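The values are calculated or read from the model by the stated rules, or taken from the named source; none is laboratory data. It should be emphasised that the depicted structure is a prediction, and the values quoted were computed from it without experimental measurement. Positions of Cβ are backbone-derived with ideal geometry, glycine not excepted, and every protein chain shown enters the neighbour counts. These area figures cover heavy atoms from the full protein model, side chains too; ligands, DNA and RNA do not enter into them. Shrake-Rupley method; radii C 1.70, N 1.55, O 1.52, S 1.80 Å.
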Amino acid sequence: MEAATLSRIGLAGLAVMGQNLALNIAEKGFPISVYNRTTSKVDETLDRARFEGGLPMAGHYSPRDFVLSLERPRSVIILVKAGPPVDQTIAALCDHMEAGDTIIDGGNEWYENTERRIHELAGKGILYLGMGVSGGEEGARHGPSLMPGGSYAAYQNIEDIVKKVAAQVEDGPCVTYIGEGGSGNFVKMVHNGIEYGDMQLISEAYDVLKNVGGLSNSELAEIFSEWNRGELESFLIEITADIFRVRDESGEGELVDKILDKTGMKGTGKWTVQQAAELSVAAPTIAASLDCRYLSGLKEEREAAAAALREAGLKEEVGDISSGIDKKRLIDDVRQALYASKICSYAQGMNLLRAKSMEKGWNLNLGEMARIWKGGCIIRAVFLDRIKKAYQRNPHLASLVVDPEFAREMVQRQAAWRRVVGLAISAGISTPGMCASLAYFDTYRRARLPANLVQAQRDLFGAHTYERIDRPGSFHTEWTKLARK
């Protein structure tokens, strides 16, 4: 083909995310070729490109024609389901690619799969990136947060494109070269884990305000809108306010009340908790949010349990507590509890990134991770700028909880936080995310824990030994013999 007709980049996989990212790239002035195994998806994407402004896009119906339509060195983004479909797509494309070309996987892939593919493709001279893409359909179309990791040469091949395509914030585009290997996928996985925690904490705030405070959906919409103008300003708080305003078109009242209370999941939250366990990093808020999704799936069992425990004499405490509540104070307390809990959730995610970075030698810049999450992505929030600055002040910060600014805020909010958790427990309303965050804070801030007793127990039944606070070395005691002398 004539050089003038070649596309700057290609994208294979035209489901919702793929279509929208392709249109975003074209809109930024980069001619793009698109391909999908289902040919109707190619036609649909081309129709959108014409309708949305005659964007520079070419459609192709075979892997060969698609690859040959690209400028050298060729760069192809693939957006297909994680796992075997990625390997199948790579195999189909590689038959027509050559050394120096680049493949970028934009899916939610397990980071070790990306590291395997980097190694396999290196034998053919093909460069590879695993690139986390966050922001959903809207972000993909108008500016996502992008987390590319793998070959730095591959990143350089697409740097001009991703910097224009990514969401733009005051200190630059929401993309950076993350690091080597599967680091981009790992960072996106932890982003999703933080997202799990964030969503759980917001749902708990809603539960307390609705069931203890007795607030209507219209009142909740106003409260969340107000919160979105302050320290809690974020994408998730903003959309939550919108959700409370939507009426049910096929019945009375608001739609949110008609939704079945069973939460779906794709697996990245589970991976985050598994990695935290493997790296010995405490992530209780994220783990609590995952447990809640599992429990939400037991809808029939929960209904049966509610009936059985009612029959056994369990009484609802919510009504008695609600009658004497100061709504204004409750709203303010919940705001403060939500903020403090969220900081703990982000702290856990950042500590997980740091631990993995040390294990793998990725040299992740945690301040830069916070910066690229400021726009485009699901967990974007105004306090991410302050998280960025905390890590700029101290790149070796042990936890966000001990950054001087955040430490002051946690201390100022702990009384309100404890009131909300205590009130929820008294009312029989589960707040596992807030409780986990508070327990994390209380455990982390204590210079001495009851772990001395646990260690003594381990030594008694398993001769695991223990250390002492007053002299060096490992010790073992015949506890039972001495106790029963």
* To do: Would you please list the contacts, defined by Cβ atoms under 8 Å and residues six or more apart or on different chains, that run from a residue in segment 268-285 that is outside the structural domain of TYR111 (by the TED database) and under 13 Å from ALA355 (Cβ atoms) to a residue that is hydroxyl-bearing (Ser, Thr, Tyr) and surrounded by 23 or more Cβ atoms within 10 Å (Cβ to Cβ)?
  => THR272/TYR196; ALA283/THR272
* To do: Look at MET147 and say whether it is at pLDDT 95 or above, surrounded by 24 or more Cβ atoms within 10 Å (Cβ to Cβ), outside the structural domain of ASP257 (by the TED database) and in contact with a Lys or Arg (Cβ under 6 Å, 6 or more places away or on another chain).
  => yes
* Of all the helices (runs of 4 or more DSSP H) wholly in segment 267-321, which have at least 3 residues that are farther than 16 Å from THR431 by Cα and open to solvent by less than 50 Å² (accessible area, probe 1.4 Å)? -> 268-278, 299-311
* Asked: Does any residue of segment 51-61 turn out to be under 25 Å from the mean Cα position of the chain (by Cα) and either open to solvent by 70 Å² or more (accessible area, probe 1.4 Å) or closer than 28 Å to ASN185 by Cα (or both)?
  -> no
* To do: Within segment 460-473, count every residue that is open to solvent by less than 90 Å² (accessible area, probe 1.4 Å) and out of contact with any helix residue (DSSP H, G or I) (no Cβ under 7 Å at 6 or more places or on another chain).
  => 3
* For GLY83, work out the one condition from (1) more than 31 Å from the chain's Cα centre (by Cα); (2) over 22 Å from ARG141 (Cβ atoms) it doesn't fulfil. => (1)
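Among the candidates LEU232, LEU209, LEU220, which residue alone is open to solvent by less than 10 Å² (accessible area, probe 1.4 Å) and not in a helix (DSSP H, G or I)?
Numbers: LEU209 fails: not in a helix (DSSP H, G or I); LEU220 fails: not in a helix (DSSP H, G or I).
Answer to the check: LEU232.
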* How many of the residues making up segment 168-179 are open to solvent by 10 Å² or more (accessible area, probe 1.4 Å) and either of a type in the set (Ser, Thr, Tyr) or touching a Ser or Thr at 6+ places or on another chain (Cβ under 6 Å) (or both)? -> 2
* Structure fact -> All-but-one check, ALA26 against (1) without any contact (Cβ under 8 Å) to a residue 12 or more places away in the chain; (2) buried (at least 24 other Cβ atoms within 10 Å of the Cβ), failing number (1)
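What number of residues within segment 30-46 are open to solvent by 50 Å² or more (accessible area, probe 1.4 Å) and assigned to a loop (DSSP other than H, G, I, E, B)? Lay out the reasoning, then the answer.
As a first pass, look at segment 30-46 and keep what is open to solvent by 50 Å² or more (accessible area, probe 1.4 Å): 31, 37-41, 43-44.
Filter once more, keeping what is assigned to a loop (DSSP other than H, G, I, E, B): 31, 37-38.
Matching residues across segment 30-46 total 3.
Taking the options MET199, MET189, name whichever one is touching a Phe, Trp or Tyr at 6+ places or on another chain (Cβ under 8 Å) and closer than 30 Å to GLY149 by Cβ.
Details: MET199 fails: touching a Phe, Trp or Tyr at 6+ places or on another chain (Cβ under 8 Å).
Step by step, each of MET199, MET189 is checked, and only MET189 is touching a Phe, Trp or Tyr at 6+ places or on another chain (Cβ under 8 Å) and closer than 30 Å to GLY149 by Cβ.
Go through ALA439, ALA398 for me and flag whichever is assigned to a loop (DSSP other than H, G, I, E, B), aliphatic (A, V, I, L, M) and either under 22 Å from GLY179 (Cβ atoms) or not assigned by the TED database to the domain that holds LYS164 (or both).
On the way: ALA439 fails: assigned to a loop (DSSP other than H, G, I, E, B).
Only one candidate passes the filter, namely ALA398.
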* **Residues within segment 5-19 that are in a helix (DSSP H, G or I) and within 17 Å of HIS60 (Cα to Cα), tallied** => 3
* Kindly establish whether GLU359 is open to solvent by 10 Å² or more (accessible area, probe 1.4 Å) and closer than 20 Å to SER234 by Cα. => no
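Given the residues GLY197, GLY182, which is the only one that is touching a Ser or Thr at 6+ places or on another chain (Cβ under 9 Å), open to solvent by less than 10 Å² (accessible area, probe 1.4 Å) and assigned by the TED database to the domain that holds PHE383? Before you say what the answer is, go through the steps one by one.
On the way: GLY182 fails: assigned by the TED database to the domain that holds PHE383.
Step by step, each of GLY197, GLY182 is checked, and only GLY197 is touching a Ser or Thr at 6+ places or on another chain (Cβ under 9 Å), open to solvent by less than 10 Å² (accessible area, probe 1.4 Å) and assigned by the TED database to the domain that holds PHE383.
So is GLY214 at pLDDT 95 or above and in a loop (DSSP other than H, G, I, E, B) or not?
The answer is no for GLY214.
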* Do the conditions hold for LEU449, that is, is it open to solvent by less than 80 Å² (accessible area, probe 1.4 Å), over 22 Å from SER234 (Cβ atoms) and without any contact (Cβ under 8 Å) to a residue 12 or more places away in the chain? -> yes
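Return yes or no: is VAL256 assigned by the TED database to the domain that holds LYS342, in contact with a Phe, Trp or Tyr (Cβ under 9 Å, 6 or more places away or on another chain) and open to solvent by 20 Å² or more (accessible area, probe 1.4 Å)? Before you say what the answer is, go through the steps one by one.
Working: assigned by the TED database to the domain that holds LYS342: yes; in contact with a Phe, Trp or Tyr (Cβ under 9 Å, 6 or more places away or on another chain): yes; open to solvent by 20 Å² or more (accessible area, probe 1.4 Å): yes.
When the stated conditions are applied, VAL256 passes them.
Here is a yes/no grid of residues against (1) open to solvent by 40 Å² or more (accessible area, probe 1.4 Å); (2) modelled with pLDDT under 95; (3) part of a helix (DSSP H, G or I):
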{"site": "PHE406", "(1), (2), (3)": "no, no, yes"}
{"site": "MET410", "(1), (2), (3)": "no, no, yes"}
{"site": "GLN414", "(1), (2), (3)": "yes, no, yes"}
{"site": "SER426", "(1), (2), (3)": "yes, yes, yes"}
{"site": "GLY433", "(1), (2), (3)": "no, no, yes"}
